[in-house]
Amino acid sequence: MKKRRYVIAGNWKMNQTPAETKEFINKFIPMVKDCVNSDIVLCVPFVDIPAAVSAVKDTNIKIGAQNVHFMKNGAYTGEISAQMLVESGVEYVIVGHSERRQYFAETDKTVNLRTKAALDAGLKVILCLGEVLEQRENGITEEVVSMQTKLDLLGVTEEQLKNVIIAYEPVWAIGTGLTATPQQADEACGVIRKVIGELYGQNAADEIIIQYGGSMNDKNAAELLAMENVDGGLIGGASLKPEALAAIVAAAQ
Ligand code: PEP
């Protein structure tokens with residue numbers, strides 16, 4: 001019997017306009033209105049935030065962003081600060097997604113800075129980490145996810161950790177249709193939980209929410225979510241269809 005709540009979060013990536021956002025959310029609200037044991041989050045593109053925040057008002061759905069800059073303000077053309085997100089009604093932010101690491105030169109250093117800036121502003125962080133295929137094939141998944149956990153959380157206090165969710169996302173499973181087996185997901189999430197225990201103590205390890213992400217869908221969600229160390233999902237492709245995302249929320253019930 002699990003003690004932790006599930007967090008089911010959709011990552012829309014660079015998909016959906018503001019008008020489509022409103023349409024999606026209006027369809028989605030009745031599908032998940034009776035969900036009680038999960039937090040439901042939609043991480044939308046920056047320009048969709050006003051439409052999303054307005055559409056989810058008085059519902060059980062929360063809105064997240066997909067990135068945040070680590071400086072408070074200044075000459076950083078094209079960037080968005082944590083305070084801007086807070087004032088826009090955003091509660092969650094994804095940090096360190098593998099697509100940011102892969103295409104936008106994010107490193108554990110910048111992921112750590114972004115994490116701390118978001119936490120300082122009062123946001124909840126969905127911190128993404130995970131190994132690439134070559135690392136899994138060489139048997140170093142445990143070392144890689146342990147090191148990422150330590151580096152990405154450097155300087156994050158025990159109190160701040162309560163606002164951190166870790167998304168274990170094996171890079172080889174993101175957007176590829178390949179899914180980690182429930183055992184592989186549980187094992188890696190268990191490694192992360194163990195590292196949290198070493199860094200912050202057993203209570204923190206017992207309480208932290210660790211999601212699995214990587215081609216989770218309405219067909220495989222139940223099995224993945226049933227694993228002891230998997231407390232939810234970060235869902236890309238399948239989160240673009242209200243029916244599929246609602247089915248994943250239902251699988252967590
Ligand atoms: C993601 O974007 O975090 C993700 C897991 O994508 P997908 O579900 O499409 O693999």
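Could you tell me whether the range 163-180 includes any residue that is without any contact (Cβ under 8 Å) to a residue 12 or more places away in the chain and open to solvent by 30 Å² or more (accessible area, probe 1.4 Å)? Taking every residue of the range 163-180 in turn, none turns out to be without any contact (Cβ under 8 Å) to a residue 12 or more places away in the chain and open to solvent by 30 Å² or more (accessible area, probe 1.4 Å). One residue stands out among those in the range 40-60 that are in contact with a helix residue (DSSP H, G or I) (Cβ under 7 Å, 6 or more places away or on another chain) and open to solvent by less than 10 Å² (accessible area, probe 1.4 Å): the one that is farthest from V111 (Cα to Cα), which is A52. Selection of first residues in the range 203-217 that are more than 16 Å from E187 (Cα to Cα) and of second residues that are open to solvent by 30 Å² or more (accessible area, probe 1.4 Å) and assigned to a helix (DSSP H, G or I), restricted to Cβ pairs under 8 Å at least 6 apart or on distinct chains, gives the following pairs, ordered by first then second residue: A204/E158; S215/G237; N217/G237. In summary, E158 fulfils each of the numbered conditions (1) within 16 Å of the ligand (Cβ to nearest atom); (2) in contact with a helix residue (DSSP H, G or I) (Cβ under 6 Å, 6 or more places away or on another chain); (3) touching a residue at least 24 places away in the same chain (Cβ under 8 Å) with the single exception of condition (1).
Among the residues of the range 1-39, those that are aliphatic (A, V, I, L, M) and in contact with a helix residue (DSSP H, G or I) (Cβ under 6 Å, 6 or more places away or on another chain) comprise I8, I25, M31, V32.
Evaluate the range 88-111: report whether one residue or more is assigned to a helix (DSSP H, G or I), more than 16 Å from the ligand (Cβ to nearest atom), in contact with a Phe, Trp or Tyr (Cβ under 6 Å, 6 or more places away or on another chain) and touching a residue at least 12 places away in the same chain (Cβ under 8 Å).
Going through the range 88-111, the residues assigned to a helix (DSSP H, G or I) turn out to be 98-103, 108-111.
Cutting the leftovers down to more than 16 Å from the ligand (Cβ to nearest atom) gives us 108-110.
Still in the running and in contact with a Phe, Trp or Tyr (Cβ under 6 Å, 6 or more places away or on another chain): none.
The answer is no, given that none of the residues of the range 88-111 is assigned to a helix (DSSP H, G or I), more than 16 Å from the ligand (Cβ to nearest atom), in contact with a Phe, Trp or Tyr (Cβ under 6 Å, 6 or more places away or on another chain) and touching a residue at least 12 places away in the same chain (Cβ under 8 Å).
The values are calculated or read from the model by the stated rules, or taken from the named source; none is laboratory data. The structure presented is a predicted model; accordingly, all values stated were derived computationally and were not measured. All Cβ positions, even for glycine, are placed from backbone atoms using ideal geometry, and neighbour counts span all protein chains on display. The area values use the complete protein model at the heavy-atom level, side chains included, leaving out ligands, DNA and RNA. Shrake-Rupley method; radii C 1.70, N 1.55, O 1.52, S 1.80 Å.
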